[in-house]
Every structure is written in structure tokens, then in C-alpha cells.
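A single structure is presented below for examination.
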Amino acid sequence: MNKIGSYLNFHAQALELRSRRNEILASNIANAATPNFKARDLDFDSEIKRHVGIGPLQTTNEQHFPTTVAATGNKMLFREPINPSLDGNTVELSVEQMEFSENVTRYQTTLTFLNNRITGLMSAIRGE
Amino acid sequence: MSEIKNIFDISGRAMAAQLVRLNTVASNLANAGTIASTKEEAFRALKPVFQTTYADQMKHSGVSTVDVVTVAEASRAPEKAFMPHHPSADADGFVFRAAVDENEEMVEMVEASRQYQNNVEVISTIRALMMRTINMGK
């Protein structure tokens, strides 16, 4: 990966993972009234380590294919309900709303970091 | 059912499902207190049946939305009442009241509208995030 790419890589991966988690939390909120639905989530901490740790495959010859390990197949977990309900649904709106708003805030934080890095690069390129 | 493409599909279809639920509540409440001459003719409460629709597991694991698979009649039996002067009374003077529990329907209505609002909130938040992401690097 080139220098600029690797400079932005960590936050780009984090942004992708945050957006994936947003989708999962939205699914939980969508299924708040479905009997027997089990709320899902992913552990951001371990996932980001896995995503950043793997990275692209090292190539020693220019005829090698530079493959990247696809960022799919996240390890999905099930949420443990605080107050289990009779219909087998484990979505608790208070919990999901908290997680969702936290995730949105962290997404915006990552976006700000990414913006700062891009602005820094731009000013370095312009040399002003 | 069609494939789930993005977060707007997830929340949009959930909103549609909650709207079906609100519609059944409206029709149940509108028919509460109606009277019929036979048990079969009496109105029975309608209930939507929700089911989770999962996205393609390979691409989006853990992503799902909700769809209404059917609208079923509740099993509550119509109430038999003795009203001999009612125009719909049968030969023995009995009528049958619609099998609708108004309190249950009101609770259902509040819950459906709250969950609808939650989905609206998700969509508007995500839309704001997308707008900020589009402007990245400016």
C-alpha cells in the first residue's frame, strides 16, 4: 500500500466498521416487535484489530497478485438481554438507542480525524 | 422478498410494517362495539404477523429487516349479550359484540407509533452522517 493510503488506512477501516455496526443496530431497532428475534452486535475492539492487523498481502515480485483480505465475515455476537421478554425477543430499545447514538458519535469522531489528516496532507502538498 | 441493499431498506421496511400494524389497530378500534346477530358474523380483531427477513449472510452478516407476512384474525371469541329489543337480536334475543379489547389496541397503537418514530430517527441520523461523509476532505 502506498504512503498516503497507509496514512489514512486505520481511520478508513474504522469508518467502514462503524458504518457496518450502524446497519446492524438499525436492524435490531427495525426488529423491535418481531417475536423470537435475537439482537446482534459486533465487538468493535477485536474487529478493528483484525481488520488493521491483516492488511494487504506482501508481494516480493511484481508479477504476484496484490490481494487484500476482504473485510467480510465479521464475527457476529448475540446480545444478552437485561430483562428477557416472554416472546423471545432480545431487543431492548433503551440499550439499542444508547449503542446507536454512541456509534454515530464515534463515526463522526473518526470522520473528523480523517478530515484532519486529509487537510494536513493537502496543506503539505500545496506547501503554503 | 427483495434483497436488503442498504440501511434505508432496513428502516424503511420496518416503518412499512409498523404502519400495517397501525392500520390494523385503526380498523379494530373502528369496529369495536359493532354488533352482529350470529357468532360467525361478529367482527374479530385483526393482528399483523411480523417476521424477520435476513440479508445475504455472505455480504452483510447480521443485517436484517422486518416484513408483515400475513394479517390474521385473533382467536378471541365474540361476546354474547342478551339484548332482546336490539334490531339484530336472534330468535332467543341474543346479539354478539365484536371481539376487540380497546385497552389492548390502545397499548398496541402507542407501541407501534413509538417504534415507527425510532426508525424515523435512525434514518434521519444516518442521512446526516452520509451528508457529512460526502463532504469529507473539503
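Hey, can you grab everything whose amide H is under 5 Å from the amide H of residue B:53? Only 5+ residues off in sequence or another chain; H modelled, so Pro and N-termini drop out.
Amide H neighbours of residue B:53, under 5 Å, 5+ apart: B:65, B:66, B:67.
Lys and Arg at +1, Asp and Glu at -1: add these up for the other residues within a Cβ distance under 15 Å of residue A:31 and post the number.
Local charge sum for residue A:31: -3.
Please give me the summed charge of the neighbours of residue A:83: other residues whose Cβ is under 14 Å from its Cβ, Lys and Arg +1, Asp and Glu -1.
On the way: positive: A:79; negative: A:80, A:87, A:92, A:96.
Counting the neighbours of residue A:83, the net charge comes to -3.
Then there's this: Net charge around residue B:102, counting only other residues with Cβ within less than 14 Å of its Cβ (Lys, Arg = +1; Asp, Glu = -1)?
Values: positive: B:76, B:97; negative: B:79, B:101, B:104, B:105, B:108.
That sum, taken over residues with Cβ under 14 Å, equals -3.
Moving to a separate point now. Based on the Cα gyration tensor of the protein assembly as shown, what are the three equivalent ellipsoid semi-axes, each the root of five times an eigenvalue, rounded to whole Å and given largest first?
Sorted largest first and rounded, they come to 54, 18, 14 Å.
Given a cut-off of 32 Å, name the pairs among A:38/B:80; A:3/A:75; B:5/B:47; A:3/B:138 whose C-alpha atoms lie farther apart than that in the structure shown.
A:38/B:80
Other chains' Cβ within 10 Å of A:34-44 residues: what's the mean?
Working: counts 11, 4, 2, 5, 1, 1, 4, 1, 2, 0, 0.
Mean partner shielding for this stretch: 3.
May I pose another question? Would you mind giving the mean number of other chain beta-carbons within 10 Å of the Cβ of each residue in A:18-26, as a whole number? Kindly include the intermediate steps, with their values, before the conclusion.
Numbers: counts 1, 5, 4, 1, 6, 12, 7, 4, 16.
Mean inter-chain Cβ contacts per residue within 10 Å come to 6.
Would you kindly state how much longer the chain becomes between residue A:6 and residue A:46 on full extension, computed as 0.36 nm times their sequence separation minus their alpha carbon distance, in nm to one decimal?
Length difference between fully extended and current span is 12.4 nm.
Compute the separation of the alpha-carbon centres of region A:110-128 and region B:76-138 and state it in Å as a whole number.
With region A:110-128 and region B:76-138 each reduced to a Cα centre, they are spaced 51 Å.
Averaged across orientations, what area in nm² does the convex hull of the alpha carbons in region B:1-123 project?
Mean orientational projected area (region B:1-123, Cα hull): 8.8 nm².
Quick note: the coordinates plus some simple rules give every number you see, no bench work behind them. Just so it is clear, the model here is predicted, and its values are computed rather than measured. All Cβ positions, glycine included, derive from the backbone under ideal geometry; neighbour counts span all protein chains shown.
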